[in-house]
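> There's a structure below that I have some questions on.
The values are calculated or read from the model by the stated rules, or taken from the named source; none is laboratory data. Keep in mind that this is a model prediction, so the values were computed, not measured. Heads up, the Cβs are rebuilt from the backbone with ideal geometry, glycines too, and the neighbour counts pull from every protein chain shown. Surface accessibility is based on the protein's heavy atoms, side chains included, excluding ligands, DNA and RNA. Shrake-Rupley method; radii C 1.70, N 1.55, O 1.52, S 1.80 Å.
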Amino acid sequence: MNTKEFKNIFKMLREELDYTQKDIAGKLGVSISTVGMWETGRRLPSPELYEQIADFFNVDIDYLYARTNVRQKIHFDPDGNAQRTLSSDQEELLAFYDKLNASGKQKVREYASDLTEQKKYIEAESSGKQPTQSA
């Protein structure tokens, strides 16, 4: 694992959640300086921490290791149906959606469709491009 790859992935994931280094350190049970060293490429987490970080950010561990650009692998139930774990953001959006009547649900679908047509709202991996680090 290249430290440069991990540091960029980790920092991008942290910033997507608008967490500070202190926030993430507290959530993962590590020091702020440890998070800082991960983000500067001076150190890498232990294998156990990789698992914890992957669980926290709801990403596949292979994504953290930069072995894939796919954030989450699709798992299949015994009947062969695709299963995907929802992130807390996705669960929250689904809970809001479930409260809406048919007209409200239609408006959400229309709005989501409009947003997906604007490049500034599209995830880099959805377009087949490498995720980029925000400035």
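> Are any of the residues in segment 61-84 in a loop (DSSP other than H, G, I, E, B) and touching a His at 6+ places or on another chain (Cβ under 8 Å)? Break it down into steps so the answer makes sense when it comes.
In the first step, residues of segment 61-84 are kept if they are in a loop (DSSP other than H, G, I, E, B); the result is 65-74, 77-81, 84.
With the extra rule that they be touching a His at 6+ places or on another chain (Cβ under 8 Å), the set shrinks to 84.
Yes, that holds for at least one residue.
> If we scan segment 36-58, do we find a residue that is in a helix (DSSP H, G or I), farther than 23 Å from GLN90 by Cα, touching a Phe, Trp or Tyr at 6+ places or on another chain (Cβ under 8 Å) and not small (Gly, Ala, Ser)? Full working, then the answer.
First, the residues of segment 36-58 that are in a helix (DSSP H, G or I): 36-40, 47-57.
Subset that is farther than 23 Å from GLN90 by Cα: 36-40, 47-49.
Narrowing the set further to residues that are touching a Phe, Trp or Tyr at 6+ places or on another chain (Cβ under 8 Å) leaves 38-39.
Now restrict to residues that are not small (Gly, Ala, Ser): 38-39.
Yes.
> A further question on this structure: Residues being at pLDDT below 90, open to solvent by 100 Å² or more (accessible area, probe 1.4 Å) and in a helix (DSSP H, G or I): count how many of those fall in segment 99-135.
3
> In contact with a strand residue (DSSP E or B) (Cβ under 8 Å, 6 or more places away or on another chain), open to solvent by 80 Å² or more (accessible area, probe 1.4 Å), at pLDDT below 90 and closer than 25 Å to TYR121 by Cβ - does that describe any residue in segment 59-73?
Filtering segment 59-73 down to residues in contact with a strand residue (DSSP E or B) (Cβ under 8 Å, 6 or more places away or on another chain) leaves none.
Within segment 59-73, not a single residue is in contact with a strand residue (DSSP E or B) (Cβ under 8 Å, 6 or more places away or on another chain), open to solvent by 80 Å² or more (accessible area, probe 1.4 Å), at pLDDT below 90 and closer than 25 Å to TYR121 by Cβ.
> If you check ASP23 against the conditions, is it at pLDDT 90 or above, open to solvent by 30 Å² or more (accessible area, probe 1.4 Å) and within 25 Å of ILE122 (Cβ to Cβ)? Can you show your working first?
Numbers: at pLDDT 90 or above: yes; open to solvent by 30 Å² or more (accessible area, probe 1.4 Å): yes; within 25 Å of ILE122 (Cβ to Cβ): no.
In short, no.
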